[in-house]
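Participant: Pasting a structure below so you can have a look.
No lab work stands behind these numbers, since they all come straight from the coordinates. Keep in mind that this is a model prediction, so the values were computed, not measured. Cβ coordinates were reconstructed from backbone atoms using ideal geometry, including for glycine residues, and neighbour counts include every protein chain displayed.
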Amino acid sequence: MNWGELAGLEASGRRIMGHNGFKEAAMVDDYTAKMTELIELMRLIGNDTQQCEVKECKRKISSTITDTLSAFSNGSGGWIILGLSEKNGFTPVEGFDARAMQEALSQACEKMTPVVRPVIVTCPFEGANLVFARIDEMLPRDKPCFTTALGPHGGSFIRTGDGDRRMTSYEVDRLIEEHLQPTYDLDIVPDATTDDLDPQLVAGLLARVREQHPRVFADRDGIDVLLDLQVLRHDDSDESEVGGILRPTLAGLLALGRYPQKFYPRLGISIAVFPGTSRDDVFRGDERLVASKSVVGSIPVMIDDAVDSLMRWIGAKKPDYPPLVLREAIANALTHRDYSPDARGTQVHISVFTDRIEITNPGGLYGMVTHDVLASPHPVTGAPFVSTRNQFLFTLLESTPYPGGGFVNPEGGDGYQRIAAAVREAGIESLEHGRTRYTANAGLKELRAEICRYLERRMNLHYDPLSQVLVTVGGSEAIDMCIRTVVQPGDEVVIPEPCFVCYEPITTLSGGVPVHVACRQEDEFRLRPEALKAAITPRTKLLIMPFPNNPTGAVMEKEDLEAIADVLRDTNVLVLSDEIYAELNYGLRPHVSIATLPGMAERTIVVNGFSKSYAMTGWRLGWAMGPKELMRHICKIHQFGIMSAPTTAQFAGIEAIRTGEDDIERMREQYDLRRRYLLGELRSMGLECFEPQGAFYMFPSIESTGLSSDEFCERLLHEQEVAVIPGSAFGESGEGHVRISYSYSMNHLREACSRIRKFLQTL
């Protein structure tokens, strides 16, 4: 049977590790495991972390506990551990009264505005009881969270590194501002007059709004229209004219002004082109800024000039930065920046590096806009989710023309959707320009260079794009090429399982002998060094490292990989590290490649691709990288079997890797919400389930049902029309489990969970 995937679920952002559905004992067990993990990390690095604060609280609650409650509530949440001594190497405090401190922490939460409602549990650790609490981030409308007695400007904190920092007045004011729609763009510009508006832009605006809304504006005088649109307002403070003199608003001046910087010198754009991949590169040796420029004028003029400058500087070397993407990104930065008086001294800044372009502006996301919904259309209307802090400026720019034609925001602010579409457009453009010939066998040089830069900054992997990288038809082809190149008849290939289904058949087709090593749930499905050592023989040629793992979601931390490397160093065994899910790691530490460990790069082939990190499954684009001599032979086999990866997909890949890193972060956050929800749902159904730390799969045990994996999946499909994959499809050790994907819509997952629950009730 060709098994499908389970669909998605509506995330509950406040559920932590599924505690709402757990029995109390199970919840404590899970929190104890999490607490132990955090303590081990802090012992390793020697201090608290951004996400975790430790307090001794031997005799009384820490006087700074409210600072931490505020900081975590105003930030992204975090963990508090009471009864642990940082100065003594994160060991339990002797004589700590967990019961009393749990109550004291609860009382401290009541001293906050809004009141903090954490989950607080007492957890055993090394023969003592500690108090462990999870503090969730508050909603934007509830921030700032502050100590009531100190007030918002004295008692609001934010987490910085491993400490709590008092928020500045500016930061507090911006959070308070989120509660109400700001109107700084309606401020009258003192001393400005109608002569400070650009007649051409004004005429274009009037023509546009009369065309769009003829019944409202067609017969109205131009001044009256400008007053209605809040381009102009009467300055009542000036008594030289009856009713006050007409002056431009900040929105009007920014959208239609001749030279807004006459009144606000810093409301422009600064551009800097750097010679390397960081700002520090400018200070190395003889390196210097390649170019720099200050861009002024109205918003439409600044956007035009900035894009023209960028294309002159980078166009020759990087023709695949679409001007549309640059235009939309700059327009968004100018439209949605903070225009409050405190922020008017800060420019929008564009930094151009050899591997990316960064655009920064003062202020963050406004209102209910989050990274999760920013690029997502409304599920019913299909319209983009928009919430702007500068609503009058935003409305003006919908009808404000560029000097050369077109409008700044013609589609109502869907710039991020248009940027997301740039990957597709880049592929289409390559077709339209006839870029359909074979590329180099190893792939486009530009794409290989971008892959190397991406891996260097994200994974600390260092490879030569000309001799150590091969672009393939998806990650699967990379795996195939590697195994076929390395494995000769009779060679043994060690395959940890449960695992992706292709490793064994490709090994067999190559004449190799699969040697399966079962990874157990009690080991968090990690490959243990002793199990690997037992599996290695004189005929062992290759070890496959499929982590983060499909189907279990298991990850291998740096310490785990070091133990594996120790086993391999006295052997001639090569490693194929399948890291296709490397960006989907939900632990406290980012993904570590085994190739970064001493002595391992020389014997490791790293496989990755675009399908998971960039949601480009259908484009079929991946890569392999490894030792120069080995890659030369892998490329030969690829050349004779494939010739080259699709040209169109390669151009799209360049665009994705340059502009899609923010999307990776948003995707991981969304998956993490679904992960935590699904884990809680499955456990509340009575299904034992390992908490996955990577990929986007759950691998619950169904042994309690008395059904085999095949029987469970068959019956669930026929009785409730929910498709999951039997664990046996991923190797014998997967029997007794099923794989559930949470890479689908929230609503579908919620419905699927409901149906699974109904099915279990019938057994």
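Participant: Taking the Cα of SER270, stepping 7 Å toward and past its beta carbon, and measuring to each backbone N in segment 293-307: which are under 17 Å?
Facilitator: Correct set: 293-297, 306.
Participant: Label point 7 Å out from SER63 along Cα-to-Cβ: which residues of segment 102-131 have amide N under 13 Å?
Facilitator: No residue qualifies, since no backbone N sits under 13 Å from the label point.
Participant: Would you kindly state how much longer the chain becomes between GLN488 and SER76 on full extension, computed as 0.36 nm times their sequence separation minus their alpha carbon distance, in nm to one decimal?
Facilitator: 143.2 nm
Participant: Follow-up question, since we're still on this one. Using DSSP to define loop residues, name the trypsin sites (Lys or Arg not before Pro) in segment 61-139 whose beta-carbon has at most 10 other beta-carbon atoms within 10 Å.
Facilitator: Passing sites in segment 61-139 are LYS87.
Participant: I've got another one for you. Based on the mean of other Cβ atoms within 10 Å per residue, sort peptides 300-310, 485-495 so the most packed one is first.
Facilitator: Ranked from most to least packed, the peptides come out as 300-310, 485-495.
Participant: Quick one: of LYS111/LYS143; LYS533/LYS628; LYS34/LYS143, which pairs are farther than 22 Å apart, Cα to Cα?
Facilitator: As for pairs spanning more than 22 Å Cα to Cα, those are LYS533/LYS628; LYS34/LYS143.
Participant: Using the basic label-point model (7 angstrom from Cα toward the beta carbon), what is the THR617 to SER708 distance in nanometres?
Facilitator: The modelled label-to-label distance comes out at 2.8 nm.
Participant: Cut-off under 29 Å on the C-alpha distance; same-chain residues fewer than 8 positions from LYS293 excluded. Which lysines are left, in chain and number order?
Facilitator: LYS262, LYS317, LYS318
Participant: What are the ³J(HN,Hα) couplings of segment 227-232, residue after residue, when phi is run through the Karplus curve with 6.51, -1.76, 1.60 and θ = phi - 60°? Round to Hz, x for glycine and proline.
Facilitator: Here the 3J(HN,Hα) series is 5, 4, 7, 6, 6, 10 Hz.
Participant: Let me ask something additional. May I ask you to compute the full-extension gain from GLN107 to ARG632, defined as 0.36 nm times their residue separation minus their alpha-carbon distance, rounded to one decimal in nm?
Facilitator: Separation in residues times 0.36 nm, less the Cα-Cα distance, equals 182.4 nm.
Participant: While we're looking at this one, here's another question. Tell me, what is the percent relative contact order of segment 46-177, built from C-alpha pairs under 8 Å that lie six or more residues apart?
Facilitator: 31
Participant: Take the Cβ-Cβ distance between MET643 and THR508 as r, set R0 to 25 Å, and report the resulting FRET efficiency rounded to the nearest 0.05.
Facilitator: FRET efficiency, MET643 to THR508: 0.45.
Participant: Another question, if that's okay. As a footprinting exposure proxy, order GLU446, GLU53 by other Cβ within 10 Å, with the fewest listed first.
Facilitator: Starting with the residue having the fewest Cβ neighbours, the order is GLU446, GLU53.
Participant: If R₀ is 25 angstrom, what is the calculated FRET efficiency for the pair ASP173 and ARG117, using the beta carbon separation as r and rounding to 0.05?
Facilitator: Efficiency at R0 = 25 Å is approximately 0.45.
Participant: Order these by the 10 Å Cβ neighbour count, fewest first: HIS349, HIS516.
Facilitator: HIS349, HIS516
Participant: Roughly how many nanometres apart are two label points built 7 Å out from the Cα toward the Cβ at GLN50 and THR596?
Facilitator: About 1.5 nm, to one decimal.
Participant: Amide H of MET167 versus every other amide H placed in the peptide plane: which residues, excluding those fewer than 5 positions away on the same chain, fall under 5 Å?
Facilitator: So MET167 has HN proximity to SER156, PHE157, ILE158.
Participant: For a label point 7 Å from the Cα of ARG589 along Cα→C-beta, name the residues of segment 544-564 whose backbone N is under 12 Å from it.
Facilitator: 556-563
Participant: With each label point set 7 Å from Cα along the Cα-Cβ vector, what nm distance links GLU688 and ASP566?
Facilitator: Distance between label points: 2.9 nm.
Participant: Also, quick follow-up: How would HIS462, HIS748, HIS737, HIS718 line up from fewest to most surrounding beta-carbon atoms within 10 angstrom?
Facilitator: By the 10 Å Cβ count, ascending: HIS718, HIS462, HIS748, HIS737.
Participant: A follow-up question, please. Test of understanding: what is the full-extension gain from ALA207 to HIS234, defined as 0.36 nm times their sequence separation minus their Cα-Cα distance?
Facilitator: Additional length available on full extension: 7.4 nm.
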